[in-house]
Amino acid sequence: MASIRFIDALLGGGTASGDSAVQRSDAEALDAYSLTVTSVAELLIPSVASLKVRRRTRGGRSAEGAGSSVVITPDGFLITSAHVIAGAERGSASFTDGRELDFEIIGADPLSDLAVIRASASDLPAATLGDADGLRVGQLVVAIGNPLGFAGSVTAGVVSALGRSFPTREGAATRLVENVIQTDAALNPGNSGGALSDGRGRVIGINTAVAGIGLGLAVPINATTRRIVGALMRDGRFHRAYLGVAVGPRPLPPRLAAEIGRHSGVEVVEVFEGAPAARAGIRPEDLILDIDGSPIRTAGDLQRVMVDEVIGRSVAVKIYRNGEMLTLTATPAKLEV
């Protein structure tokens with residue numbers, strides 16, 4: 001009788017000696033992933049607080065809300081999302097060591113969805129802030145917060161996209177929060193204001209919104225948001241300059257790119273009537289290259305230069321229009337919200 005060969009043998013199944021090496025490699029990779037996530041969790045969970053906020057409704061009744069926050073100084077300063085504490089009169093922050101501390105609202109900036117609160121303590125475990133500008137798509141991230149009231153919840157995933165934006169609004173002012181981090185680390189109600197960390201336990205974002213099934217958004221921690229947080233801690237608010245343009249990213253023509261040594265700028269999509277940009281002679285379809293000597297590659301670069309130092313001061317705006325570079329002079333105004 002002919003010998004029988006099972007399909008596993010034909011397809012290389014069986015127990016070939018190489019399989020054990022593959023299994024060990026897979027196990028080692030899984031162990032490395034688990035070790036990273038657990039290390040981040042152990043480091044950051046004590047620095048993430050669960051918030052309970054109390055606010056008055058239009059009918060005069062008291063309503064409770066919840067969210068998360070991240071300790072940034074031992075003497076009680078915490079970052080959270082502006083929408084978490086919007087309209088709140090008071091609140092409390094609960095920590096995994098069992099403490100529940102009252103907090104006061106120091107300042108909020110709804111146009112970046114960031115806020116600073118302060119708890120009554122002097123020995124809180126402060127998280128280390130990182131820099132989201134160094135993130136790459138596919139990089140491991142860990143989200144820590146208090147979704148649905150479950151303190152110290154941890155989810156992990158990867159950066160699924162960078163450069164996303166979402167609209168925020170305060171009064172009549174609407175702004176796109178630029179360079180938002182999109183991640184597939186699961187977020188749920190109550191995660192807002194919690195930490196998004198890199199694999200080394202550095203906070204590189206503040207979780208802000210659920211973008212859809214399996215997707216979340218976080219406001220990046222970078223030079224711009226550090227400046228906002230610093231102003232909130234110092235002054236209770238952040239002042240912005242207003243140029244009065246709507247812009248979008250655009251690759252530069254090859255000859256221009258070679259001449260100035262970069263490949264992107266921002267195109268003016270709309271100029272608002274009566275705004276500083278209109279008075280300066282900026283037009284739709286102009287390409288903005290520099291403002292006040294700073295290169296403008298993205299909408300985020302434009303927002304970075306629109307700070308309180310340029311309010312009421314004449315600044316040079318270098319643009320590209322109809323095949324030639326021009327330099328105009330604009331005087332940004334204070335953004336009223």
*Provide the per residue accessible area, probe 1.4 Å, for region 37-148, rounded to a whole number of square angstrom.*
44 Å²
*Given a 1.4 Å probe and the protein chains all in place, what does the accessible area of ARG54 round to, in Å² to the nearest 10?*
50 Å²
*asked:* Probe radius 1.4 Å, ligands and nucleic acids ignored: give me the carbon and sulfur share of the accessible area of region 204-256 as a rounded percent.
replied: 60 percent
_As I understand it, the dipole of region 218-337 uses +1 on the Cβ of Lys and Arg and -1 on the Cβ of Asp and Glu, about the Cα centre. Which of THR327, ALA218, VAL266 lies farthest toward its positive end?_
ALA218
_Whole-percent carbon and sulfur share, accessible surface of region 264-319, 1.4 Å_ = 46 percent
*Just need the relative contact order of region 266-337 here, percent rounded to a whole number, with Cα pairs under 8 Å and 6+ apart.*
31 percent
*How big is the accessible area of THR38 in square angstrom, nearest 10, if you roll a 1.4 angstrom probe over the protein chains?*
70 Å²
*Stretch GLU285-ARG58 to full length: gain in nm at 0.36 nm per residue minus the Cα-Cα span?*
77.2 nm
*Report, in whole Å, the centroid distance computed from the Cα atoms of region 96-116 and region 182-209.*
16 Å
*Relative contact order for region 44-140, counting Cα pairs under 8 Å that sit 6 or more residues apart, in percent*: 30 percent
_Å² of accessible area per residue within region 285-336, as computed with a 1.4 Å probe and no ligands counted_ = 48 Å²
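The values are calculated or read from the model by the stated rules, or taken from the named source; none is laboratory data. Note that the structure is a prediction, hence the values are computed from the model and not measured. Reconstructed Cβ throughout: ideal geometry from the backbone, glycine too, with neighbour counts over all protein chains shown. These accessible areas exclude ligands, DNA and RNA; they are computed on the full protein's heavy atoms, side chains included. Shrake-Rupley method; radii C 1.70, N 1.55, O 1.52, S 1.80 Å.
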